[in-house]
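Have a look at the structure below before the remarks.
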Amino acid sequence: MILHRLLWRFARHRDDPVFYAMQANDAIRWLRRQGVRVGPGLRVLDLGCGHGVFGAELARLGCHVTFADEQNLLLPEHRHRPFIPVNLDHDDLANLGAHDLVVCSNVLEHLGQPRRFLRLASRIVAPGGCLYLSWTNWLSPWGGHEFSPWHYLGARLGPRVHDALGRSRFHAPGRNLFVTHIGSVLGWLRADGQFNLKAMAPRYYTELPFLMRCPVLREFFAWNAALLLARSDDR
């Protein structure tokens, strides 16, 4: 369980690169336990990469990593790595190529059209490959990001209460943060049929995967949902 370590790191250093590296390495350990062969030769797409910390950890293990996001915000030490600009709400994902592992970490809640993305994402997963999808669901303790816990008052009132306290924020519901629910995402995946669900767990305490099978509890107690998906046409 890594949640307590993340909270301690965040309290002392906020969300610095070490904070994200801790998340990445814990996720990599989980992927390996699910049978994903992370290592040399694996073609990886770090989709919605931000500063590129997750992809950099995979590259350190020998993976061939391509980074993609709307803007190139890679840390200076990673700027030499392959980067593709993409808008996940509007662009043709097929232009990103096909990869053995697509990592989409903490991105889904920032998409205005998350279901469109999930419908198209199988195009960028190579046969036999996987999509690792993790995101902060709205009803989790961190659902409102920096204006949590006021998000429990709703997407309109919550930010206003936060602002009235004189605190700054970057995220605005309906602009760069959107309400997402685990149940809805799982329902879309079943209905659209592009992926098979291989495994799921609360990302920061993967030792409790049963929580993700509890429809109401998971929305509140999974700080971050992690899904491992395989193309449905794989045999």
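The values are calculated or read from the model by the stated rules, or taken from the named source; none is laboratory data. The structure presented is a predicted model; accordingly, all values stated were derived computationally and were not measured. No Cβ is skipped: glycine too gets one built from the backbone with ideal geometry, and neighbour counts run over all protein chains shown.
Criterion first (at pLDDT 95 or above and under 22 Å from L229 (Cβ atoms)) does D26 satisfy it? Reasoning before the result, please.
Working: at pLDDT 95 or above: no; under 22 Å from L229 (Cβ atoms): yes.
Judged against the criteria, D26 is not a match.
So which of F210, F178, F170 ends up being without any contact (Cβ under 8 Å) to a residue 40 or more places away in the chain and in contact with an Asp or Glu (Cβ under 8 Å, 6 or more places away or on another chain)?
On the way: F210 fails: in contact with an Asp or Glu (Cβ under 8 Å, 6 or more places away or on another chain); F178 fails: without any contact (Cβ under 8 Å) to a residue 40 or more places away in the chain.
Residue meeting the stated conditions: F170.
If you scan region 207-234, which residues turn out to be among the basic types (K, R) and part of a strand (DSSP E or B)? Spell out how you get there, then give the answer.
Filtering region 207-234 for residues among the basic types (K, R) gives 213, 218, 231.
Across region 207-234, the qualifying residue is only R231.
Scanning region 51-66 for residues that are within 14 Å of the chain's Cα centre (by Cα) and either of a type in the set (F, W, Y) or crowded, with 20+ Cβ neighbours inside 10 Å (or both), which turns out farthest from L93 (Cα to Cα)? Write out each step before concluding.
First, the residues of region 51-66 that are within 14 Å of the chain's Cα centre (by Cα): 51-55.
Filter once more, so that each one left must be either of a type in the set (F, W, Y) or crowded, with 20+ Cβ neighbours inside 10 Å (or both): 52-55.
On the way: G52: 19, V53: 22, F54: 20, G55: 18 Å.
Step by step, filter region 51-66, then rank; the result is V53.
In region 125-157, how many are in contact (Cβ under 8 Å) with a residue 40 or more places away in the chain, buried (at least 21 other Cβ atoms within 10 Å of the Cβ) and not in a loop (DSSP other than H, G, I, E, B)?
Within region 125-157, residues that are in contact (Cβ under 8 Å) with a residue 40 or more places away in the chain, buried (at least 21 other Cβ atoms within 10 Å of the Cβ) and not in a loop (DSSP other than H, G, I, E, B) number 8.
Just wondering, is there one or more residues in region 196-206 that are surrounded by 14 or more Cβ atoms within 10 Å (Cβ to Cβ), in contact with a Phe, Trp or Tyr (Cβ under 6 Å, 6 or more places away or on another chain), in a helix (DSSP H, G or I) and in contact (Cβ under 8 Å) with a residue 24 or more places away in the chain?
The answer is yes; a qualifying residue exists.
Residue-wise test of (1) in contact with a strand residue (DSSP E or B) (Cβ under 8 Å, 6 or more places away or on another chain); (2) polar (S, T, N, Q); (3) touching a residue at least 40 places away in the same chain (Cβ under 8 Å).
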{"site": "T66", "(1), (2), (3)": "yes, yes, no"}
{"site": "L74", "(1), (2), (3)": "yes, no, no"}
{"site": "R81", "(1), (2), (3)": "yes, no, no"}
{"site": "L88", "(1), (2), (3)": "yes, no, yes"}
{"site": "E109", "(1), (2), (3)": "yes, no, yes"}
{"site": "R119", "(1), (2), (3)": "no, no, yes"}
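Here is a list of conditions, (1) surrounded by fewer than 20 Cβ atoms within 10 Å (Cβ to Cβ); (2) within 17 Å of the chain's Cα centre (by Cα); (3) in contact (Cβ under 8 Å) with a residue 60 or more places away in the chain, and A21 meets all of them except one; can you say which number that is?
Just one mismatch for A21, condition (3).
Looking at region 90-104, which of the residues that are in contact with a Phe, Trp or Tyr (Cβ under 8 Å, 6 or more places away or on another chain) and at pLDDT 95 or above is farthest from I182 (Cα to Cα)?
If we take residues in region 90-104 being in contact with a Phe, Trp or Tyr (Cβ under 8 Å, 6 or more places away or on another chain) and at pLDDT 95 or above, then L101 is farthest from I182 (Cα to Cα).
Name, by its number, the condition in (1) of a type in the set (G, A, S); (2) surrounded by 21 or more Cβ atoms within 10 Å (Cβ to Cβ); (3) not in a helix (DSSP H, G or I) that does not hold for A121.
The number of the failed condition is (3).
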